[in-house]
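Any read-out appearing in this document is the output of simple, stated calculations on the displayed coordinates, not a laboratory observation. Predicted model, so just to flag it, every value in this text is computed and none were measured. Note: ideal-geometry Cβ built from the backbone for every residue, glycine included; neighbour counts use all protein chains shown.
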Amino acid sequence: GENVEQHPSTLSVQEGDSAVIKCTYSDSASNYFPWYKQELGKGPQLIIDIRSNVGEKKDQRIAVTLNKTAKHFSLHITETQPEDSAVYFCSREGGSYIPTFGRGTSLIVHP
Amino acid sequence: EPEVTQTPSHQVTQMGQEVILRCVPISNHLYFYWYRQILGQKVEFLVSFYNNEISEKSEIFDDQFSVERPDGSNFTLKIRSTKLEDSAMYFCASSSGTGDEKLFFGSGTQLSVL
């Protein structure tokens, strides 16, 4: 099946710093790449997504970039705040494979 | 804001027992999903459901699992004979199916098999 590699597994930053999480995939037919934030005891919540016809998308402090040639996409969070602390999952859909998630990145923002 | 609701939030059962996890997807959504997450691990796809039938399922979704949409609002996951390794958080999700693949997840049911 399709695999999504996500790095790092844990990311610790100081408040105000930037955080970057990266994912790679192998199915070139993948065409939709959402990012989810999961807070303790809750279900994943979509925070931003990008489609394969776009290279970058930004929503306030978060942005996602997509490199289709290299088959990787990244989540960027600027000016991090303690409330950004959560587990973040990348995902991909499209092509012949079922929706798949990365293993998650635990982001810790220290005040 | 509309949301996906799941009941119960916690379910404890004995090995070999049947469990039914319940979900109420967002009312105008057409695609429904079950995912599971074993503690500390990634979210894993189980099954997707559209037009009253399974559209895709993963290797995890074996003969012990079944899904049903018994009425116009509920979407259920049944595990016929639970095993210890079925212990996980089970998430229901739905999407509109109108060309927008955005998934909306419920808060999950924590299943503990003893």
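Annotation for segment B:29-114: GluC sites (Glu not before Pro) lying in DSSP loop with at most 11 further Cβ atoms inside 10 Å of their Cβ are B:E59. With both residues required to sit in chain A, DSSP beta bridges show an antiparallel share near 90%. When you count the other C-beta atoms within 10 angstrom of each residue and take the mean per peptide, A:70-76, A:30-36 line up highest first as A:30-36, A:70-76. State the percent of C-alpha pairs, over all pairs in chain B, separated by a distance greater than 26 angstrom. Looking at chain B, the distances longer than 26 Å represent 12 percent of pairs.
The three principal axes of the Cα atoms in the protein assembly as shown give end-to-end lengths of 49, 37, 34 Å, sorted in falling order.
B:R69 sits among other residues whose Cβ lies under 14 Å from its own Cβ, and their net charge, with Lys and Arg +1 and Asp and Glu -1, is -1. Exceeding 31 Å between C-alpha atoms, which entries from my cross-link table qualify? They are A:K71/B:K42; A:K71/B:K83; A:K68/B:K57; A:K68/B:K83; B:K42/B:K83. Those over the limit are A:K71/B:K83; A:K68/B:K83. When chain A is treated as a Gaussian network with alpha carbon springs shorter than 10 Å, the biggest mean-square fluctuation among A:G55, A:G41, A:G16 belongs to A:G41.
Between B:V24, B:V47, B:V12, where does the largest GNM mean-square fluctuation fall for chain B, given springs only between Cα atoms within less than 10 Å? Highest fluctuation of the listed residues: B:V12. For the residues of B:107-113, the average number of beta carbons from a partner chain within 10 Å of their own beta carbon is 1.
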